[in-house]
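Participant: Below you'll find the structure I mean.
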Amino acid sequence: MKSAKTSIIAGIALMAAGVLLLLDLLGILDSAALVWPLIFAAAAAAFLTLFFRSRDNWWAAIPGSVFLGLAAVDLITQLWPGPAGYWAGAFLFLFMGAGFGAVYVREPANWWALIPCGVMLTLSLVVALPPAWEGMPVAAVLFLGLAATFAALSLVPVHPEHRPGQPGAGEPSRMKWPLIPAAVLAVMGVIFALQATVLLTASEFFVPVLLLLAGVALLVYAYRHRAGGHRKVHGV
């Protein structure tokens with residue numbers, strides 16, 4: 001039954017795409033600029049229909065969001081050329097981020113989807129930045145956005161995997177490992193932000209010293225974490 005429904009939806013999408021192409025070739029449409037956005041929108045509608053029809057089709061949100069983003073980018077660049085074309089690409093990353101976010105909302109076990117979600121939302125912000133913001137400001141926004149992504153991931157409750165023969169799934173817990181890349185990325189983002197505001201020009205040694213201190217802090221954290229694990233094993 002599910003296979004038949006999928007075939008029906010795919011068939012309707014292909015027929016709609018064929019009709020749009022024929023109308024474009026016959027010159028019936030007023031503007032050929034609407035053809036490809038409509039085709040992308042039709043493909044997005046097909047995948048999103050699959051997504052909303054069944055919980056098992058969580059994957060369909062990803063291609064659906066990509067096609068929806070392509071439709072938005074093509075429509076904006078065709079109908080509003082010029083300055084709008086510089087930030088139109090932000091919509092592609094924005095819709096893709098929303099697609100990965102929908103994957104997590106539909107199935108919270110897919111916590112990994114929050115990583116590409118945050119990356120895509122960060123890239124959409126980077127693309128939407130004014131053209132005058134080049135170099136260090138862009139790097140600062142990129143690294144701080146990625147740091148926020150991993151920091152948010154550490155707040156997400158994760159249910160332990162249920163194994164056969166074990167009663168219950170256990171209480172949800174929060175992951176600690178995302179805090180490490182979040183801290184590293186945040187340090188790099190702050191460095192780029194300070195360089196962008198010309199606060200580091202007085203000392204050329206600040207950046208390497210800060211990187212060394214961050215590396216030492218990570219090594220100390222790893223040593224203490226390992227030492228704590230040994231204490232638990234030996235019952236200390």
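Participant: Could you tell me which residue of segment 126-137 is most open to solvent (accessible area, probe 1.4 Å), considering only residues that are part of a helix (DSSP H, G or I) and among the hydrophobic types (A, V, I, L, M, F, W, C)?
Facilitator: 136
Participant: Let me ask something else. Looking at residue 199, is it at pLDDT below 75 and either under 30 Å from the mean Cα position of the chain (by Cα) or aliphatic (A, V, I, L, M) (or both)?
Facilitator: Judged against the criteria, residue 199 is a match.
Participant: Something else about it: Considering each of 155, 213 in turn, give the residue that is closer than 27 Å to residue 118 by Cβ, loosely packed, with under 12 Cβ neighbours inside 10 Å and modelled with pLDDT of 85 or more.
Facilitator: The match here is 155.
Participant: Taking residue 143 and the conditions (1) at pLDDT 90 or above; (2) farther than 24 Å from residue 101 by Cβ, which numbered condition does it fall short on, given that it satisfies the others?
Facilitator: Residue 143 satisfies all of (1) at pLDDT 90 or above; (2) farther than 24 Å from residue 101 by Cβ except (2).
Residue by residue, here is whether (1) surrounded by fewer than 18 Cβ atoms within 10 Å (Cβ to Cβ); (2) small (Gly, Ala, Ser); (3) at pLDDT below 90 holds:
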{"position": "87", "(1), (2), (3)": "yes, no, yes"}
{"position": "90", "(1), (2), (3)": "no, yes, yes"}
{"position": "94", "(1), (2), (3)": "no, no, no"}
{"position": "99", "(1), (2), (3)": "no, yes, no"}
{"position": "106", "(1), (2), (3)": "no, no, no"}
{"position": "112", "(1), (2), (3)": "yes, no, no"}
{"position": "118", "(1), (2), (3)": "no, yes, no"}
{"position": "124", "(1), (2), (3)": "no, yes, no"}
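Participant: Considering only segment 52-65, how many residues are surrounded by fewer than 22 Cβ atoms within 10 Å (Cβ to Cβ) and either in contact with a helix residue (DSSP H, G or I) (Cβ under 8 Å, 6 or more places away or on another chain) or aromatic (Phe, Trp, Tyr) (or both)?
Facilitator: 9
Participant: Look at residue 65 and say whether it is of a type in the set (Ser, Thr, Tyr), at pLDDT below 90 and out of contact with any strand residue (DSSP E or B) (no Cβ under 6 Å at 6 or more places or on another chain).
Facilitator: no
The values are calculated or read from the model by the stated rules, or taken from the named source; none is laboratory data. Remember, predicted model here, so these are calculated numbers, not experimental data. Every residue, glycine as well, gets a Cβ built from its backbone with ideal geometry; the counts of neighbours run over all protein chains shown. What goes into the accessible areas is simple: the full protein's heavy atoms, side chains included, and nothing from ligands, DNA or RNA. Shrake-Rupley method; radii C 1.70, N 1.55, O 1.52, S 1.80 Å.
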